[in-house]
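Since the structure comes first, as structure tokens, the remarks are kept for the end.
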Amino acid sequence: MREADKTMYYIVSPNSFAYNPARINVGSIGYQNLDKSVIVSSLYEVFKTTADVDDRFLWHWFKSAAFQKMIEKYQEGGVRLYFYYDKLCMCSIALPSIEEQHKIGKHLDMLDNLITLHQRIYNITNKIIYK
């Protein structure tokens with residue numbers, strides 16, 4: 001990464017979120033969980049949470065219908081709508097204790113993994129049956 005021209009990019013450090021303000025309405029958001037920094041386009045918004053927010057809990061909130069409603073409420077623009085970081089900061093979310101957020105995030109991760117596993121089993125079964 002040292003040799004790359006980083007003038008048109010943002011450096012995303014570990015445990016950071018990054019999203020495209022013009023595409024967040026279709027889920028264009030990511031979480032950087034690698035041990036090293038990465039780069040994204042300067043069109044992206046990049047941020048870290050504070051100590052009172054569990055990142056996994058927030059990740060699942062970003063994937064919720066409630067967050068989609070917030071995007072619809074606060075996005076701005078003409079033909080293309082944008083949801084910049086200042087608008088994200090206007091969103092309110094009821095935060096349980098950090099311990100409870102951690103438990104909820106972990107539980108939702110396990111559910112996601114279980115759903116993925118069942119989807120794979122379903123796909124393999126269909127390939128075998130309809131081959």
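The values are calculated or read from the model by the stated rules, or taken from the named source; none is laboratory data. Only a predicted model underlies this, so the values are computations on that prediction, with no experimental measurement involved. Cβ: placed from backbone, ideal geometry, glycine included. Neighbour counts: every protein chain shown.
At a glance:
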{"read-out": "Residue selected from the stretch 78-131 under the condition β-branched (Val, Ile, Thr), modelled with pLDDT of 95 or more and within 29 Å of residue 44 (Cβ to Cβ), by the criterion nearest to the chain's Cα centre (by Cα)", "value": "104"}
{"read-out": "The stretch 86-99: number of residues that are of a type in the set (S, T, N, Q) and surrounded by 10 or more Cβ atoms within 10 Å (Cβ to Cβ)", "value": "1"}
{"read-out": "Selection count, the stretch 17-33, where residues are within 20 Å of residue 76 (Cβ to Cβ), among the polar types (S, T, N, Q) and surrounded by 15 or more Cβ atoms within 10 Å (Cβ to Cβ)", "value": "2"}
{"read-out": "Residue pairs meeting the criteria (Cβ under 8 Å; at least 6 apart or on separate chains; first of a type in the set (Asp, Glu), in the stretch 11-40; second exposed (fewer than 15 other Cβ atoms within 10 Å of the Cβ))", "value": "35/14"}
{"read-out": "Check on residue 76, over 26 Å from residue 57 (Cα atoms) and in contact with a helix residue (DSSP H, G or I) (Cβ under 8 Å, 6 or more places away or on another chain)", "value": "yes"}
{"read-out": "Residue among 69, 6, 48, 36 that alone is basic (Lys, Arg), more than 14 Å from the chain's Cα centre (by Cα) and either surrounded by 13 or more Cβ atoms within 10 Å (Cβ to Cβ) or at pLDDT below 95 (or both)", "value": "6"}
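Condition check ((1) farther than 27 Å from residue 23 by Cα; (2) surrounded by 12 or more Cβ atoms within 10 Å (Cβ to Cβ)) across all residues:
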| residue | (1), (2) |
| --- | --- |
| 55 | no, yes |
| 65 | no, no |
| 84 | no, yes |
| 101 | no, yes |
| 117 | yes, no |
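Yes or no, residue by residue, for (1) in contact with a Gly (Cβ under 9 Å, 6 or more places away or on another chain); (2) under 18 Å from residue 29 (Cα atoms); (3) among the acidic types (Asp, Glu):
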position: 72; (1), (2), (3): no, yes, yes
position: 75; (1), (2), (3): no, yes, no
position: 90; (1), (2), (3): no, yes, no
position: 98; (1), (2), (3): no, no, no
position: 103; (1), (2), (3): no, no, no
position: 107; (1), (2), (3): no, no, no
position: 111; (1), (2), (3): no, no, no
position: 115; (1), (2), (3): no, no, no
position: 125; (1), (2), (3): no, no, no
